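Enquirer: Attaching a single structure in structure tokens format; questions to follow.
The values are calculated or read from the model by the stated rules, or taken from the named source; none is laboratory data. Source: prediction; values computed, not measured. Cβ placement follows ideal geometry from the backbone for every residue including glycine, while neighbour counts extend to all protein chains displayed.
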Ligand SMILES: C[S@@+](CC[C@H](N)C(=O)[O-])C[C@H]1O[C@@H](n2cnc3c(N)ncnc32)[C@H](O)[C@@H]1O
């Protein structure tokens, strides 16, 4: 068997890359807040129930996670890549006394374990949703809902879509549901 010799320079470069902080190139969308009316409709459309856990991927100023906790009595996790937003949103959550129910994580939505999520919300771009779809298919449990504002998840059929009209502008919401798994031994429907 031949030994594989990795040049020291390549090893150093790889180690440095692995330790890199979050990169701008991981950005899935710029920061643009969702209108509050739409936030509430998204969570209603998800049928978010008290005690359920919602993840907002790219949580910005935290309006989705804060609304989920205050109005829907849900647990909420906001994942945000931008340091300044993480700091200001964490301060806001603390000031509102919501630290028991809302967690703000400085992280990359593409690398987030979603296995605890009952609902995932996002306001990203269609091509960003393309990147996230394999993660949803890997992590999300049957019955979990994915709600996207303005941009669809390509290749998935929404269970419903809703339109919120604000000052004559239509705002579209897409709701998806992870199907219940087929019971063991059951024949898949033809
Ligand atoms: C259009 S804003 C939506 C903010 C908030 N969810 C809302 O609805 O008001 C998108 C947010 O995603 C964040 N973002 C972009 N790429 C991300 C990534 N890879 N991981 C986590 N957050 C990201 C941006 O910094 C920005 O705050």
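Enquirer: Select from region 51-68 the residues that are part of a loop (DSSP other than H, G, I, E, B) and within 11 Å of the ligand (Cβ to nearest atom) and list them in ascending order.
Expert: At the first step, the residues of region 51-68 found to be part of a loop (DSSP other than H, G, I, E, B) are 51-52, 58-62.
The answer is 58, 59, 60, 61, 62.
Enquirer: Name the residue, out of 92, 71, that is more than 27 Å from residue 159 (Cβ to Cβ), touching a helix residue (DSSP H, G or I) at 6+ places or on another chain (Cβ under 8 Å) and part of a helix (DSSP H, G or I). Please lay out each step first, then the result.
Expert: Numbers: 71 fails: more than 27 Å from residue 159 (Cβ to Cβ).
Every option except 92 fails the conditions.
Enquirer: Test of understanding: among 43, 48, which residue is within 12 Å of the ligand (Cβ to nearest atom), modelled with pLDDT of 95 or more and either surrounded by 21 or more Cβ atoms within 10 Å (Cβ to Cβ) or part of a helix (DSSP H, G or I) (or both)? Break it down into steps so the answer makes sense when it comes.
Expert: Values: 48 fails: within 12 Å of the ligand (Cβ to nearest atom).
Every option except 43 fails the conditions.
Enquirer: Which residue is farthest from residue 41 (Cα to Cα), if the candidates are limited to region 56-82 and must be without any contact (Cβ under 8 Å) to a residue 40 or more places away in the chain and surrounded by fewer than 19 Cβ atoms within 10 Å (Cβ to Cβ)?
Expert: That would be 61.
Enquirer: If you go through region 103-119 one residue at a time, do you hit one that is free of Cβ contacts under 8 Å to residues at least 12 places away in the same chain and over 17 Å from residue 29 (Cβ atoms)? Walk me through how you get there before you give the answer.
Expert: Filtering region 103-119 for residues free of Cβ contacts under 8 Å to residues at least 12 places away in the same chain gives 111.
From what is left, the residues that are over 17 Å from residue 29 (Cβ atoms) are none.
No, that holds for no residue.
Enquirer: Right, next: Quick check on residue 102: is it in contact with a helix residue (DSSP H, G or I) (Cβ under 6 Å, 6 or more places away or on another chain) and crowded, with 16+ Cβ neighbours inside 10 Å?
Expert: Working: in contact with a helix residue (DSSP H, G or I) (Cβ under 6 Å, 6 or more places away or on another chain): yes; crowded, with 16+ Cβ neighbours inside 10 Å: yes.
Yes, satisfied.
Enquirer: Which condition from (1) more than 15 Å from the ligand (Cβ to nearest atom); (2) part of a strand (DSSP E or B); (3) under 16 Å from residue 80 (Cβ atoms) is the one that residue 170 breaks?
Expert: (3)
Enquirer: Another question, then. Take the residues in region 105-119 that are within 11 Å of the ligand (Cβ to nearest atom) and not in a loop (DSSP other than H, G, I, E, B); name whichever of them is farthest from residue 146 (Cα to Cα). Quick ask: steps written out before the conclusion?
Expert: Initial filter on region 105-119 (within 11 Å of the ligand (Cβ to nearest atom)): 105-112.
Those left that are additionally not in a loop (DSSP other than H, G, I, E, B): 105-106, 109-111.
Details: 105: 19, 106: 21, 109: 14, 110: 15, 111: 17 Å.
Among those residues, the one meeting the criterion is 106.
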